[in-house]
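Structure record follows, encoded as structure tokens.
The values are calculated or read from the model by the stated rules, or taken from the named source; none is laboratory data. Since the structure is predicted, the reported quantities are computational estimates derived from the model, not experimental observations. Methodologically, a virtual Cβ is constructed for each residue, glycine included, from the backbone with ideal geometry; neighbour enumeration extends over all protein chains shown. Side chains included, ligands, DNA and RNA excluded: accessible areas come from the protein's heavy atoms. Shrake-Rupley method; radii C 1.70, N 1.55, O 1.52, S 1.80 Å.
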Amino acid sequence: MLQANEIQQRFTHIQQTIQEAEQACKQAGDAPDEIRNVIDKLSREAKQAQSVMQSNDQRRIQQCVDNLEDMGDEAKRISRSLPTMPAHLEAAVTRVHAELSDLKHKLH
């Protein structure tokens, strides 16, 4: 099981990765609405999750990461299904998904 400070460090990195995906959406003026929406939702949820990540409530932390990882799954699925997905945006979405999946597996 990860220590509280390790969880916080990993989550901070995940937030940075989500911000990179948001930037990639903005840079890709032609980014499809579906991917913009899911990344915006992921960003909002990650901001709300910050207080949970700082708690010592392991069950709530796991639930929160599970929810974020589900959104990461959705983002990855959408990015792969869109024919007009810019490559750098797809790469950013893949990184977000990988980071969330890795943290989820380390918490369980």
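Per-residue answers, yes or no, for (1) among the hydroxyl-bearing types (Ser, Thr, Tyr); (2) over 19 Å from Leu103 (Cα atoms); (3) touching a residue at least 12 places away in the same chain (Cβ under 8 Å):
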{"site": "Ala24", "(1), (2), (3)": "no, yes, yes"}
{"site": "Asp40", "(1), (2), (3)": "no, yes, yes"}
{"site": "Arg44", "(1), (2), (3)": "no, no, no"}
{"site": "Gln54", "(1), (2), (3)": "no, no, yes"}
{"site": "Val65", "(1), (2), (3)": "no, no, yes"}
For this session: Looking at (1) part of a helix (DSSP H, G or I); (2) closer than 23 Å to Gln27 by Cα, find the lone condition where Asn67 falls short.
Result: (2)
Problem set entry | Among the candidates Leu82, Leu103, residue that is modelled with pLDDT of 90 or more and on the phi < 0 side of the Ramachandran plot | Leu103
Exercise. Can you name the residue in segment 1-22 that is touching a residue at least 24 places away in the same chain (Cβ under 8 Å) and outside any helix (DSSP H, G or I) and is also most open to solvent (accessible area, probe 1.4 Å) among such residues?
Worked result: Met1
Problem set entry | Residue list for segment 49-89, filter: of a type in the set (Asp, Glu) and crowded, with 19+ Cβ neighbours inside 10 Å | Glu69
Seminar exercise, completed: Checked against (1) part of a loop (DSSP other than H, G, I, E, B); (2) free of Cβ contacts under 8 Å to residues at least 12 places away in the same chain; (3) touching a helix residue (DSSP H, G or I) at 6+ places or on another chain (Cβ under 6 Å), Gly29 satisfies every condition except (3)
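Select from segment 99-108 the residues that are open to solvent by 40 Å² or more (accessible area, probe 1.4 Å) and out of contact with any Lys or Arg (no Cβ under 9 Å at 6 or more places or on another chain) and write down the one among them that is nearest to Gln9 (Cα to Cα).
Across segment 99-108, the extreme among qualifying residues is Lys104.
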Exercise. For Asp33, are the conditions met, namely being at pLDDT 95 or above, surrounded by fewer than 17 Cβ atoms within 10 Å (Cβ to Cβ) and acidic (Asp, Glu)?
Worked result: no
